[in-house]
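For reference, the structure discussed in these notes is given below.
No value in this document is a laboratory result; all are computed from the given coordinates. Given the structure is predicted, the values throughout are model-derived calculations rather than measurements. For neighbour counting, all protein chains shown are included, and Cβ atoms are generated from backbone atoms with ideal geometry for every residue, glycine included.
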Amino acid sequence: MSLTAEQQDLRDAVRGLLASVGATAGSMAGDSAWPRLFAEVGVGGLGIPERFGGSGGGAAEVGVVMEELGRELVPSPMLGSTVLAAQAVLASGDEAACERLLPGIADGSVAAALAWATPAGRWDGGDVGCVCRDGGEAYYALDGEAHYVLDGDAARVLLVAAREPAGVGLFEVDAGQDGVSRTASVTMDQARPLAVVRLAGARGRRIGGDAAGALERARDLACLALAAEQAGAARRALELTTEYALTRVQFGRVIGGFQALQHRLADLHVLVESATSLARVAAAEEDGAGLGLRAAAAKVYCCEAAMRAAGEMIQLHGAIGITWEHPAHRYLKRAHGSLHLFGGPSQHTALVAASVVDR
């Protein structure tokens with residue numbers, strides 16, 4: 001699926017800015033690029049309506065940016081704050097909460113994190129790590145701990161999914177209060193920080209609406225964004241591997257001239273192209289029926305495509321591919337971590353399989 005002219009301009013703007021600051025896989029230049037992406041490109045507001053300070057784009061535009069961030073494994077709060085947290089607030093339908101939180105997320109002045117999952121990491125609407133103990137007119141007391149919180153150790157605002165007698169609620173929590181403690185998790189992918197958030201009587205402000213539905217929509221949109229990122233990472237891994245195959249000489253000829261390697265790279269090209277197309281098509285229909293099914297399919301396929309591309313990258317680079325200095329291991333780590341984020345592949349594959357059986 002091809003990009004529109006406007007989406008191509010967005011892609012070129014993001015790619016050019018990242019190149020200008022030297023943001024490549026393995027560098028930390030992405031940290032300096034992120035404020036400029038907010039200020040000059042407006043990436044923080046792509047999925048947020050104009051009335052809440054955004055630009056009124058959608059999942060397709062977010063996917064364009066995520067592809068570019070994935071190409072160079074740029075560390076950023078895009079996935080955790082501007083996609084997952086912002087979409088949870090937006091999907092809640094609570095106008096007051098949207099007016100209070102979304103403008104800051106859109107302009108980059110506020111980083112938000114969604115504290116939801118249990119240690120099992122299923123990211124299921126009914127499976128939350130915290131509970132609402134009691135409440136008053138304005139604030140509620142929250143206890144428990146949430147795992148795999150994207151950028152949870154640095155966010156100013158926490159959106160906490162908590163169990164209450166009537167079901168699941170969503171609460172806005174000031175991360176700086178005494179009842180909140182945050183511990184950075186040891187992750188395979190150092191460019192994607194996760195944290196464990198623990199609450200002990202923390203004060204939370206209720207966000208109205210259907211919290212369970214809002215959480216599931218936010219997760220599905222995050223899966224689409226993650227799929228786009230992994231398609232971008234897979235494409236860049238293929239590009240770097242192809243470049244190497246056309247310059248590395250063995251037995252008197254470039255290794256790209258050997259038919260066995262040509263076949264492997266050709267198969268990888270087909271896989272990358274199909275992953276990119278699936279991610280873009282799924283994102284283009286974000287408001288249509290079956291969002292969860294499309295998100296599950298895109299997430300599984302694109303993450304597994306990135307795993308294969310990164311694995312082939314290491315193998316076809318030979319000895320240099322397993323060195324710390326070469327970025328190949330970073331692509332593999334990102335792919336492995338992404339495969340299990342927002343629910344493991346078996347969970348999403350079961351959803352797709354069930355839809356086929358039901359037919």
Fill in the blank from the handout: Rounded to the nearest 10, the angle in degrees between the Cα long axis of helix 211-245 and the longest principal axis of the Cα atoms of the chain comes to 20
Handout entry: Rough spin-label spacing in nm, given labels placed 7 Å along Cα→Cβ, for Thr187 and Arg205
Key = 2.7
Completion exercise
Ranked from fewest to most other Cβ atoms within 10 Å of their own Cβ, Met66, Met78, Met1 fall in the order Met1, Met78, Met66
Handout entry: Length added when fully stretched, Gln177-Asp9, from 0.36 nm per residue minus Cα-Cα
Key = 56.3 nm
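Show me the GluC sites (Glu not before Pro) within segment 251-348 that DSSP assigns to loop and that have at most 11 other Cβ atoms within 10 Å of their Cβ. Could you put the intermediate results ahead of the total?
Numbers: sites: Glu273, Glu285, Glu286, Glu304, Glu312, Glu325; in loops: Glu285, Glu286, Glu325.
Qualifying residues, ordered by number: Glu325.
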Exercise for the section: Would you compute, from DSSP H runs of 4+ residues alone, the mean residue ellipticity of the chain at 222 nm, taking -39500 (n - 2.57) per run and dividing by the full residue count, rounded to the nearest 500? Expected result: -16000 deg cm²/dmol
Practice task
Would you mind finding the longest exposed-site-free stretch of the chain, with exposed chymotrypsin sites (Phe, Trp or Tyr not before Pro) meaning DSSP loop and at most 10 other Cβ atoms within 10 Å?
Solution key: 1-250
Fill in the blank from the handout: Simple SL model, points at 7 angstrom along Cα→Cβ for Asp143 and Phe251; separation in nm is 6.8
Fill in the blank from the handout: Ordered by number, the trypsin sites (Lys or Arg not before Pro) in segment 56-162 that occupy a DSSP loop and have at most 16 other Cβ atoms within 10 Å are Arg122, Arg156
Exercise for the section: Measure nothing fancy, just the Cα-based angle from helix 291-317's long axis to the longest principal axis of the chain, in degrees from 0 to 90, nearest 10. Expected result: 40
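For Val131 and Val270 in the same chain, what is the full-extension length gain: residue separation times 0.36 nm, less their Cα-Cα distance, in nm? The partial results should precede the final answer.
On the way: separation 139, 0.36 × 139 = 50.04 nm, distance 4.64 nm.
Additional length available on full extension: 45.4 nm.
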Handout entry: Amide H within-cut-off set for Ile48, under 5 Å, with H built and near neighbours excluded
Key = Ser55, Gly56, Gly57
Completion exercise
The helix 345-358 Cα axis meets the longest alpha-carbon principal axis of the chain at an angle in degrees, between 0 and 90 and rounded to 10, of 80
